[in-house]
Amino acid sequence: MTARAMVSEPAVPDRRQLFGLQVDAVTVDQAVARCVEAIAQRGYLPVAVLNAAKVVTMCRDPGLRDAVARCQLILADGQSVVWASRILGAPVPERVAGIDLFEELLAVAARSGYRVYFLGAKPGVLDRMLAELARRYPELRVAGARDGYFRSDEAADVAAAIHRSAADLLFLGMSSPRKELFLAVHGTATGAHVVHGVGGSFDVLAGETKRAPVWCQRLGLEWLYRAKQEPLRLGRRYLATNAAFVALVARQAIGSGHARRGAAHAATRRRPA
């Protein structure tokens with residue numbers, strides 16, 4: 001399989017330096033436009049999303065950090081990341097949740113005739129999601145689907161099967177860091193023009209889990225809503241992750257403040273008397 005060129009970057013990419021990554025300062029509509037452009041160019045656009053948990057995990061997992069850094073479109077998935085961007089003086093315009101981009105792209109694909117492949121989730125969950133998508137988007141062209149329960153030594157064959165399906169868009173309904181690592185190693189081999197890791201979005205569309213109400217999302221409390229659904233599994237994890245994220249942002253804010261004061265002091269000393 002021949003490697004495809006990455007989608008050409010804008011002349012002046014609108015990006016922000018956050019947590020050691022170049023995060024795209026875009027709206028949902030702008031992110032959708034980037035994806036549509038990638039399909040039109042027949043290029044390759046890997047998409048990554050950032051939330052508090054992933055930022056914290058990247059600090060101790062260089063493999064995940066490298067996989068995310070390779071993506072051409074890196075989005076602020078969590079409201080906490082949006083708030084942190086403002087605190088750190090590198091604001092992004094809004095939250096672009098992975099599931100919101102997923103649903104927007106499904107609607108575009110149904111209208112435009114793009115072929116879509118779904119990889120991830122349990123077999124039963126995947127079937128229920130496909131049934132729900134058939135109800136919502138009867139014109140959607142499903143190139144193929146496979147559950148996420150395959151061994152690492154089968155990943156290359158999975159990518160080859162996706163390539164044979166001639167999918168334009170590939171959605172990975174797998175958890176981190178598995179989806180990012182699959183994308184980094186096998187993304188181009190799938191032949192898809194846009195590859196977007198959507199995490200637990202398959203479960204939401206299948207009715208397996210419920211998404212937080214909009215007001216809860218806007219207040220940055222979506223994690224609390226999820227923790228209430230699975231308190232034993234998620235409660236302690238979210239509390240620990242959120243505390244670590246707040247500490248990380250505080251350290252970076254203090255560090256950047258010291259750097260700005262140092263630069264201002266140096267500039268003052270250089271001024272002629």
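The values are calculated or read from the model by the stated rules, or taken from the named source; none is laboratory data. The shown structure was predicted, so the numbers you read here are calculated from the model rather than taken from an experiment. Cβ coordinates were reconstructed from backbone atoms using ideal geometry, including for glycine residues, and neighbour counts include every protein chain displayed.
Can you tell me which residues in the stretch 219-273 are of a type in the set (D, E, K, R), over 28 Å from residue 209 (Cβ atoms) and either modelled with pLDDT of 75 or more or part of a helix (DSSP H, G or I) (or both)?
Those that are of a type in the set (D, E, K, R), over 28 Å from residue 209 (Cβ atoms) and either modelled with pLDDT of 75 or more or part of a helix (DSSP H, G or I) (or both): 251, 260, 261, 269, 270.
If I filter the stretch 91-115 down to residues being part of a loop (DSSP other than H, G, I, E, B) and farther than 30 Å from residue 249 by Cβ, which single residue comes out as nearest to the chain's Cα centre (by Cα)?
For the stretch 91-115, the residue satisfying everything is 114.
Return the total of residues in the stretch 119-148 being charged (D, E, K, R), within 17 Å of residue 161 (Cα to Cα) and either in contact with a Leu (Cβ under 6 Å, 6 or more places away or on another chain) or crowded, with 17+ Cβ neighbours inside 10 Å (or both).
Residues meeting the conditions: 2.
Just to be sure before I move on: is residue 118 assigned to a strand (DSSP E or B) and either under 30 Å from residue 18 (Cα atoms) or among the aromatic types (Phe, Trp, Tyr) (or both) in the structure I sent?
Yes.
Which ones in the stretch 31-57 are in contact with a helix residue (DSSP H, G or I) (Cβ under 7 Å, 6 or more places away or on another chain), of a type outside the set (S, T, N, Q) and not in a strand (DSSP E or B)?
Correct list: 31, 32, 35, 36, 52, 53, 55, 56.
Kindly establish whether residue 209 is under 18 Å from residue 54 (Cβ atoms) and either at pLDDT 80 or above or surrounded by 11 or more Cβ atoms within 10 Å (Cβ to Cβ) (or both).
Here the answer is no, as residue 209 does not meet what is asked.
Please verify whether the stretch 188-203 includes one or more residues that are part of a helix (DSSP H, G or I), farther than 14 Å from residue 170 by Cβ and within 18 Å of the chain's Cα centre (by Cα).
Yes, the conditions are met somewhere in the stretch 188-203.
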